[in-house]
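Enquirer: Shown below is the structure under consideration.
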Ligand code: FES
């Protein structure tokens, strides 16, 4: 599990092993659009302000992965204990 902080509200949520970031932030009322839910379409992109994402999508190239400023909430997770996102 890891934490995700919604920067606009300061809300901190826990993402359990069996849930996606998309599921957790959507349940908390943050509006994130989604489509494929498999990391291929790019619809669920969110901006990462702090922390290190663990990219599991098929959208970003190597440079974008290394930059760590964007992630796809349906599949990607975190390497750090907490991600701060622009939601
Ligand atoms: Fe398609 Fe996340 S919903 S990449």
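Enquirer: Restricting to bridges with both residues inside the chain, how much of the DSSP beta-bridge set is antiparallel, in percent to the nearest 5? List each step's numbers first, then the result.
Expert: Numbers: 12 of 16 bridges.
So the antiparallel bridges in the chain amount to around 75 percent.
Enquirer: Sticking with this one: Over all directions, the average projected area of the alpha-carbon convex hull for the chain comes to how many nm²?
Expert: Values: hull surface 19.0 nm².
So the mean shadow area of the Cα hull is 4.8 nm².
Enquirer: Testing the spin-label approximation: label points 7 Å from Cα along Cα→Cβ at residue 79 and residue 36. State their distance in nm.
Expert: The two pseudo-label positions are separated by 2.3 nm.
Enquirer: What does the convex hull of the alpha-carbon atoms of the range 47-87 project to on average, in nm²? Walk me through the numbers on the way to the answer.
Expert: Working: hull surface 10.3 nm².
The directionally averaged projection comes out at 2.6 nm².
Enquirer: Rounded if a/c is under 1.5, else prolate if a/b beats b/c, else oblate: with a ≥ b ≥ c from the C-alpha gyration tensor eigenvalues square-rooted, which is the range 22-63?
Expert: Details: a/c = 2.26, a/b = 1.27, b/c = 1.79.
Oblate, since a/c reaches 1.5 and b/c is not below a/b.
Enquirer: At 7 Å along the Cα-to-beta-carbon direction for both residue 49 and residue 9, put a label point, then send me their distance in nm to one decimal.
Expert: Output for this residue pair reads 1.4 nm.
Enquirer: Follow-up question, since we're still on this one. So what is the relative contact order of the chain, in percent, for Cα pairs below 8 Å that sit 6 or more residues apart?
Expert: About 38 percent, as a whole number.
Enquirer: Using only DSSP helix segments of four residues or longer, with each worth -39500 (n - 2.57), what per-residue ellipticity at 222 nm results for the chain after dividing by its residue count and rounding to 500? Show your work: numbers first, answer last.
Expert: Details: 2 runs with 13 residues, N = 87.
Helices in the chain give a 222 nm mean residue ellipticity of -3500 deg cm²/dmol.
Enquirer: Using the count of nearby Cβ atoms within 10 Å as a rough guide to exposure, how do 18, 55 rank from fewest to most?
Expert: Working: 18 7, 55 21.
Fewest to most other Cβ atoms nearby, the residues stand as 18, 55.
Taken together, the values in this text are just the output of simple stated rules run on the coordinates, not laboratory data. Because the structure is predicted, anything quoted here is derived from the model rather than measured. Glycine gets a Cβ as well: all are built from the backbone with ideal geometry, and neighbour counts include every protein chain shown.
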